[in-house]
Amino acid sequence: MNIYSVFEKSAVLYGNRIALIHGKNKITYSEMESRIRAAERSLRNCGIQKGDRILVFVPMGIELYIAVLAIFRMGAVVVLVDQWASQERVKNCLIAAPCVAMICNKVTRWISYWNPQFWKLKKIIPGRIKSVETETENMLDHEEALITFTSGSTGLPKAANRTHGFLNAQLNALIPYIPKDISHPVLCTLPVITLLNLSLGKTTVLPNFPLKQHKFQVRKMYENMVKNNVAEIISSPFYIHELANMGFPGTLELVLTGGGAVFVEDAKKWLAKSEQIQFTIFYGSTECEPVSHINAHDLLQYEMHRGLAVGRVDANTNVAIIPFLDSGYHSIADAVWESMVQNEKAGEIVVAGDHVLTSYIGLSEHELSNKIRVGDMLWHRTGDAGLFVGDMLFLLGRAAERIDHENGSIFPFEAEMLLRRMFGYSAGTLIKTDKGPTLVLDKKQKGIETELLQIFKERWNLEPVFVYVEEIPMDPRHHSKILYDKLRVYATE
């Protein structure tokens, strides 16, 4: 099944409904389908064929989704590189997933001439030529549809192979959480969810403001929501935090968020700002979305537990907790696997299911350190530490950042939750450095060393070194996850 078919059905059912809004621009489902067919014809006229990989270098907006869906429709492969990526990262991405061409607009075409990695690619600006009647290319589930990039253990990007079958399974796993009411516009900053909205006939308001952390202007986001009577928002926690600081629009009824941790203190703040809004928080990863979910009210009930409550496991996802393993590919017999699973002890969270990514371009299963083969099932190692209490999953932070001591282990989220609960500090964590266990705080948080030392001695028999930095580095995509390796560099300078 070609993943484009989910949009095709919406175009038939909801032709006159607005599909996308971006600033002053709007497009209906029928208009969008016509533009997609025209873009496909442009690509074919430029020699693009089924299976060709096309880098889409177009900013967030209506044109981006027209380009992506046109490529899907003709059976070519969409390659997306984050706009914030450095020249070195772009180079490594294109080595991992070589492309034959790039789709751009007039602005990004000009920018591309400054990056040597783009020079050899055919530049295509889809024209608004007359569309022709062609059939949607028939695709098999295992064939490539979309390639995105995640950081590998070596620091080089891995090309995540999102096949047509995988994307369809992912949409099916997410559909139960998206309201079926199509009368209310939804603001969405997450491209995969926008594709899901298009499959449901919903009207999606695209961000008409910069998403980069230091350029983001919450007032523009707020005004965009008010102007379009947005009732739902699907976005990363960072943007919800910023919106809460300003105040939620009166039209807002539902917040769905994922891509980073939401702590109890965050949930309290959101709920205090509005009693009418339902907040649902998702836990997942690049390779598996969703793993679990929890609403903000339920999160408050688990304030004093070890770790961060991330909810009950999604019906489509298999989750297990296993002992921390060394790196490298593992193939494990069923009986051995059963003896390894330790759901009520702290260990690494592993996931499996149809919507769990199983492959990367150019890498065999045996080359992957984050996969475990157990019979017919391929498990994905999330790299996160966690445990179950009953059927509730708790997240402890990155497994590689745990610090072992005579009484067990201390995990990043334990320190981060303590800092939030006792001192109200949202920027700080415990990491491993050459100096030993190191508590890293920003410079505004000086003056609590004595009290913190006493707590760490009593609770974990640890005496961490204190280091202060100008800023805690966060991931550039969601601005919601601490970059521990980068922070380690800051802490040792």
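The values are calculated or read from the model by the stated rules, or taken from the named source; none is laboratory data. As the structure is a computational prediction, the values presented were derived from the model and not from experiment. Every residue, glycine among them, receives a Cβ derived from its backbone with ideal geometry; neighbour counts consider all protein chains shown.
A few points about this structure:
- Considering LEU378, LEU395, LEU439, LEU430, the condition of being assigned to a strand (DSSP E or B) and over 30 Å from GLU303 (Cα atoms) is satisfied by LEU378 alone.
- Taking the listed residues ILE27, ILE71, ILE54, the one that is part of a strand (DSSP E or B) and over 28 Å from ASN228 (Cα atoms) is ILE54, with no other qualifying.
- Looking across region 282-296, the residues that are of a type in the set (Gly, Ala, Ser) and either in contact (Cβ under 8 Å) with a residue 40 or more places away in the chain or surrounded by fewer than 21 Cβ atoms within 10 Å (Cβ to Cβ) (or both) come down to SER285, SER292.
- Here ALA70 does not fit the description of being under 17 Å from THR163 (Cα atoms), under 26 Å from the mean Cα position of the chain (by Cα) and free of Cβ contacts under 8 Å to residues at least 40 places away in the same chain.
- So LYS432, is it touching a residue at least 24 places away in the same chain (Cβ under 8 Å), touching a Ser or Thr at 6+ places or on another chain (Cβ under 8 Å), on the phi < 0 side of the Ramachandran plot and outside the structural domain of SER327 (by TED's automatic domain parsing): yes
- Residue in region 470-489 that is touching a Leu at 6+ places or on another chain (Cβ under 9 Å) and of a type in the set (Ser, Thr, Tyr) present: no
- Just one of the listed residues (ASN16, ASN2) is free of Cβ contacts under 8 Å to residues at least 24 places away in the same chain and either assigned to a loop (DSSP other than H, G, I, E, B) or more than 17 Å from LEU198 (Cα to Cα) (or both), namely ASN16.
- Any hit, region 430-453, residues being farther than 18 Å from LEU487 by Cβ and within 29 Å of the chain's Cα centre (by Cα): no
- Qualifying residue in region 297-316 (condition: closer than 28 Å to TYR484 by Cα, more than 19 Å from the chain's Cα centre (by Cα), surrounded by fewer than 17 Cβ atoms within 10 Å (Cβ to Cβ) and polar (S, T, N, Q)): no
- Any pair with Cβ under 7 angstrom, 6 or more apart, that starts in region 453-479 at a residue that is farther than 11 Å from THR438 by Cα and ends at one that is charged (D, E, K, R) and crowded, with 17+ Cβ neighbours inside 10 Å: MET474/LYS481; ASP475/LYS481
- Subset of region 69-99 [at pLDDT 85 or above and either touching a His at 6+ places or on another chain (Cβ under 7 Å) or small (Gly, Ala, Ser) (or both)]: ALA70, GLY75, ALA76, ALA96, ALA97
- Just so you know, in region 299-335 the residues that are touching a His at 6+ places or on another chain (Cβ under 9 Å) and among the polar types (S, T, N, Q) include one that is farthest from ALA415 (Cα to Cα), and it is SER331.
- Output for region 460-491, where each listed residue is assigned to a helix (DSSP H, G or I) and hydroxyl-bearing (Ser, Thr, Tyr): TYR484, TYR490
- Residues that are assigned to a loop (DSSP other than H, G, I, E, B) and among the acidic types (Asp, Glu) were ranked within region 249-281; the one that is surrounded by the most Cβ atoms within 10 Å (Cβ to Cβ) is GLU253.
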